[in-house]
Amino acid sequence: MADTADLRGAKTFRYEVFGGVLSSTLVFPELVEYSGDAPADFQLVEVDRPTDGDAWKLCGTSPVEEGVECRLLRSADGLRYRLEFDDTGTFEIGPEQGRVRWAPPESVDRVRARKDVLGRVFAVVFHQLGVPTLHGSAVELGGSGLCFLAPKLHGKSTTAAALVDAGGTLLADDLVVVEPDEVRPTLRPTLPTLHLWPDSAAHVGREAQAVDPDDAQTKVQMRWDTGSGGEPLAVPLRGIYLLVPVEADGASVRRSQLPPGAAAMALLGQMKVADLLGPMGVFELLPIASRLAESVGVHRLEVPRDLARLPEVVEALSAWHGPGGFAS
């Protein structure tokens with residue numbers, strides 16, 4: 001079956017994202033438009049219906065929000081993935097690398113669809129490419145790429161925004177793409193936006209602009225001007241931090257390196273596709289997590305649970321990773 005985009009002549013837009021070029025029939029106002037002539041690295045096209053004829057096997061499921069779930073299925077030949085969302089439809093990935101076919105329902109919230117694409121859909125795209133993704137936030141500071149991992153409400157985005165205020169560059173929020181390398185893994189840039197709760201937004205993001213409220217989670221979307229009209233370059237990953245908020249009274253900013261086994265399990269728990277791949281995902285992801293933990297290391301970072309003490313967090317991280325600071 002021909003793609004709906006081909007049949008309807010839908011307009012295609014081109015964006016910079018994940019260190020490459022995305023060609024899409026879905027509009028992404030949060031992305032930087034690409035005006036060059038390089039071929040697309042990723043392609044998203046809308047189609048009438050999912051592909052017929054494949055025998056799909058369920059891998060796993062993941063909750064999106066209350067009452068909304070997504071399921072990951074794999075084709076019998078192992079070359080295709082299918083993500084089925086309760087609200088935004090079906091996304092088929094492959095067999096062509098970087099190509100996504102989207103079959104939306106008749107009435108679809110395109111804001112939610114954009115979030116799904118830039119989150120779980122691209123996580124599966126990169127998994128197919130052999131590139132791991134983590135659930136966290138990432139910044140560049142003094143030439144070092146730093147990644148912050150934690151469950152929800154633990155301050156990943158707030159910490160990243162505070163570092164950007166201090167002179168860093170935002171690389172990613174929610175979906176952190178780690179490019180494997182024999183010497184040093186690198187972080188791919190995503191987009192210069194992140195989502196903050198209103199109380200956090202009142203303390204950080206001084207150079208950012210509020211784009212629009214996230215009505216699904218009552219967050220504020222903040223955007224930074226890159227100043228160059230494009231994405232920042234990929235940077236070497238020199239620090240992975242597992243954020244651990246602690247009671248502020250008497251607490252100080254402290255870090256301690258996890259042993260290799262614990263570090264690998266911590267990374268495994270924060271991999272974006274871990275739930276979707278189901279029980280068999282451990283066998284696919286654990287070797288990747290182990291190599292990443294060995295090459296970069298993972299630190300437990302204790303931070304006081306007090307927004308007024310964010311400058312202490314920034315000061316400590318700047319001392320470890322800023323110019324002249326720790327950079328191993």
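Quick note: the coordinates plus some simple rules give every number you see, no bench work behind them. Keep in mind it's a predicted model, so treat the numbers as computed, not measured. No Cβ is skipped: glycine too gets one built from the backbone with ideal geometry, and neighbour counts run over all protein chains shown.
Tabulated values for the structure
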{"item": "Whole-number percent relative contact order across the stretch 12-128, with pairs defined as alpha carbons under 8 Å at least 6 apart", "result": "19 percent"}
{"item": "For Tyr34, distant residues with modelled amide H under 5 Å away", "result": "Arg14, Tyr15, Glu16"}
{"item": "Anisotropy class of the stretch 49-121 from Cα gyration tensor, a/c 1.5 cut", "result": "prolate"}
{"item": "Extension reserve of the Val111-Leu307 stretch, reckoned as 0.36 nm per residue once the Cα distance is removed", "result": "67.6 nm"}
{"item": "Anchor Lys115: lysines whose Cα lies under 24 Å away (excluding residues fewer than 8 positions away in-chain)", "result": "Lys11, Lys152, Lys156, Lys219, Lys272"}
{"item": "Three-way shape call for the stretch 1-118 based on the alpha-carbon gyration tensor, with the a/c threshold at 1.5", "result": "prolate"}
{"item": "Cβ-based net charge around Ala251, under 10 Å, with every Lys or Arg adding one and every Asp or Glu removing one", "result": "-2"}
{"item": "Ranking of Thr169, Thr186 by count of other Cβ atoms within 10 Å, fewest first", "result": "Thr186, Thr169"}
{"item": "Which of Met280, Met265 has the fewest Cβ neighbours within 10 Å, and the rest in rising order", "result": "Met280, Met265"}
{"item": "Distance between the stretch 250-328 and the stretch 55-117 - C-alpha centres, whole angstrom", "result": "29 Å"}
{"item": "³J(HN,Hα), Karplus 6.51/-1.76/1.60, whole Hz, each residue of the stretch 15-22, x for Gly, Pro", "result": "9, 8, 6, 6, x, x, 10, 10"}
